[in-house]
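Read through the structure below, which is laid out as structure tokens, and then see the notes.
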Amino acid sequence: MPDSRSDPYASLGLRERKKARTRKALQEAAMRLIREQGYDATTVDQIAAAAEVSPATFFRYFPTKEDVIIQDEYDPMFVERWHELPATGTPIRRIREVIHSTFGELPQHELDAIRERTALMFTTPQVKARVWDNWLNTQHLFDDLIGEHLGLPAAHPRVRATTGAMMGAILAVFETWIADPGQGLAELVDEALSYLEAGL
């Protein structure tokens, strides 16, 4: 099995690897420009030029400038890890293992990029306004996984309550982590979810 830590795209086909690397190049160009000149002064045309693609290509990957900050590749990784684990224990225990193994294996530069983008989500009004849609997409993804684990529909109140509590805990963790990046993201998430698993 390819080592995703040395090459996160190694398991993808050639076409998908090219798409993933273009997406990553656009995000890295966007963050570099935003660091240099601020969010408001950075345009889609500038981001596309810095990534050596056309503006039309940018919009094939990201519907808005805000989305280049918000979107990431971690949801599919969560799903993959979820299905690799035995379907035993509580759903929160399974999610703890999924998130801890995913974030715990990321190299430091990836964690730094997540923190930088997350800080923009918390502090930039235009980005903050778009975060909710992305957050709901992730929540609905976990609704499906937890519903499958419990043998319940994704819209069942027990499933929605479990997922909502989990997402709220993770949101609080990100706020803490932005303020104190010296703490480990995987460890902070795991600690927060351990309280949920124990019933608070």
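Here are the numbers for the structure shown:
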{"quantity": "Pairs, first under 12 Å from ARG93 (Cα atoms) and without any contact (Cβ under 8 Å) to a residue 24 or more places away in the chain in the stretch 185-200, second in a helix (DSSP H, G or I) and β-branched (Val, Ile, Thr), C-beta under 8 Å, six or more apart", "calculated": "ALA192/ILE170; ALA192/VAL173"}
{"quantity": "Residue count, the stretch 26-40 (criterion: closer than 16 Å to GLN126 by Cβ and either hydrophobic (A, V, I, L, M, F, W, C) or in contact with a Cys (Cβ under 8 Å, 6 or more places away or on another chain) (or both))", "calculated": "4"}
{"quantity": "Verdict on ASP67 being outside any helix (DSSP H, G or I), of a type in the set (D, E, K, R), on the phi < 0 side of the Ramachandran plot and in contact (Cβ under 8 Å) with a residue 40 or more places away in the chain", "calculated": "no"}
{"quantity": "Hits in the stretch 148-166 - residues which are touching a Ser or Thr at 6+ places or on another chain (Cβ under 9 Å) and surrounded by fewer than 16 Cβ atoms within 10 Å (Cβ to Cβ)", "calculated": "LEU150"}
{"quantity": "Qualifying residue in the stretch 126-140 (condition: loosely packed, with under 15 Cβ neighbours inside 10 Å, farther than 19 Å from ILE69 by Cα and among the acidic types (Asp, Glu))", "calculated": "no"}
{"quantity": "Residues being of a type in the set (A, V, I, L, M, F, W, C), within 20 Å of ALA169 (Cβ to Cβ) and not in a helix (DSSP H, G or I) - total across the stretch 83-107", "calculated": "2"}
{"quantity": "Unmet requirement for ALA56, which otherwise passes all of (1) of a type in the set (Gly, Ala, Ser); (2) in contact (Cβ under 8 Å) with a residue 12 or more places away in the chain; (3) in a helix (DSSP H, G or I)", "calculated": "(2)"}
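FYI, it's all coordinate maths here, none of it is from the lab. As the structure is a computational prediction, the values presented were derived from the model and not from experiment. Cβ: placed from backbone, ideal geometry, glycine included. Neighbour counts: every protein chain shown.
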